[in-house]
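Just below is one structure, and these are the notes that go with it.
What follows is calculated from the coordinates using simple rules that are stated; it is not laboratory data. As the structure is a computational prediction, the values presented were derived from the model and not from experiment. Positions of Cβ are generated from backbone atoms using ideal geometry, with glycine treated the same way; all protein chains shown enter the neighbour counts.
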Amino acid sequence: MTSDFPGLPPLIPHLRPLTAPVGVHYRIEGDLTAGTPLVLVHGVGSGLESWDEVVADLPHDRAIVRYDLRGHGRSPAPDGPWNVDDFVSDHLKLLARLDVAAAHTVGFSLGGLIVQRLAATHPEVVSKLVVIGAVAGRTEQEQAAVLERLAMVEAEGPGGAARESVERWYSKDYLAAHPGVGEEIIARMERLDRAAYTHAYRVLATTDLADDLGCIRAPLLAMTGEFDAGSPPRMSHLMADRTDGRLVVLPQARHTVLQECPQLIAKEIAAHVR
């Protein structure tokens, strides 16, 4: 497919969602008319509450919008399968519902894939972009590893996957300082909708948007934990490099950076969108 504009990369296909968009459950803090709002998109298996500690340290000079992805929290869970464009369509439906023409957009993990795709296919709705703990450019070995985890999710459900993954998600220092957090996350994930989690995790495991990165025009900040095994700094470096963006590696952290270093994340987001 060729570009309509000389000097720009080839255009990527328009949205190809597999289902109708859903009306997601959302929360707004602040005035939507006070400048460009900030929209936060969480990761697989969590919900809008996963941003609580980050939001607490963000300046409230603009509206902050966060929502539950389809199949998560209080949002509907349509029958699957889904793809990344289903999540993008839900996001666009929410912006239209709120009458928001464009927003600074932040995504974590699966949310990071969703906002990459959103910025590449609908650049007009993304003013500035922050991608946290997300994937791009998996190696064959990394792809094989995540497909093994997908098979575990399909066989054992989210609780079984969590039991095998807590030490991948949290640093040893965080687990030592927060005794019981591992048991809490396993118990919470055992209560999740198994089918919805599997549909969402399949999107995370089978989607890689490295080839779309050159289509992103929004100023991009890529962040990840220094020791994030699934979303290593190399991937965030690739995102920053292909978009002329900025890279921040969060020291000592693994994947659950929204809980491990929320103040640093809030500081970097605020600096990027000011």
ask   = So between ARG74 and GLU156, what do we pick up on full extension, going 0.36 nm a residue minus the alpha carbon distance?
value = 27.2 nm
ask   = How far is it, in nm, from the label point at GLU190 to the one at ALA20 when both lie 7 Å from their Cα along the line to the Cβ?
value = 3.7
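Full-extension gain between ALA177 and HIS122, please, as 0.36 nm times their residue separation minus the C-alpha to C-alpha distance.
Working: separation 55, 0.36 × 55 = 19.80 nm, distance 4.17 nm.
Gain on stretching ALA177 to HIS122: 15.6 nm.
Could you work out the per residue convex hull volume over the alpha carbons of region 82-220, in cubic angstrom? Write out the running numbers ahead of the final one.
On the way: hull volume 18.2 nm³, N = 139.
Dividing the Cα hull volume of region 82-220 by its residues yields 131 Å³.
Quick one, could you list the DSSP H helices from the chain stretching 20 Å or more along their long axis (Cα atoms) with average Kyte-Doolittle hydropathy of -0.5 or above? Could the numbers behind the result be given before it?
Working: long enough: 84-98 (22 Å, 0.35); 140-169 (26 Å, -0.55).
Those that clear 20 Å and a mean of -0.5 are 84-98.
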ask   = What order do you get for SER127, SER50, SER231 when you list them from fewest to most C-beta neighbours inside 10 Å?
value = SER127, SER50, SER231
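For n ≥ 4 DSSP H runs only, could you compute -39500 (n - 2.57) per run for the chain, divide by its residues and tell me the 222 nm figure to the nearest 500? Write out the running numbers ahead of the final one.
Values: 10 runs with 119 residues, N = 274.
Per the formula, -13500 deg cm²/dmol.
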query = If contacts are Cα pairs under 8 angstrom and at least 6 residues apart, what is the relative contact order of the chain in percent?
reply = 21
ask   = Rg/Rh for region 79-153: what does it come to with C-alpha atoms and Rh from Kirkwood?
value = 1.04
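Given Cα positions, please report Rg to Rh for region 154-274, the hydrodynamic radius being the Kirkwood one. Mind showing how you got there, number by number?
Values: Rg = 16.1 Å, Rh = 16.0 Å.
Reported Rg/Rh (Cα atoms, Kirkwood Rh): 1.00.
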query = What is the mean projected area of the alpha carbon convex hull for the chain, to one decimal in square nanometres?
reply = 13.6
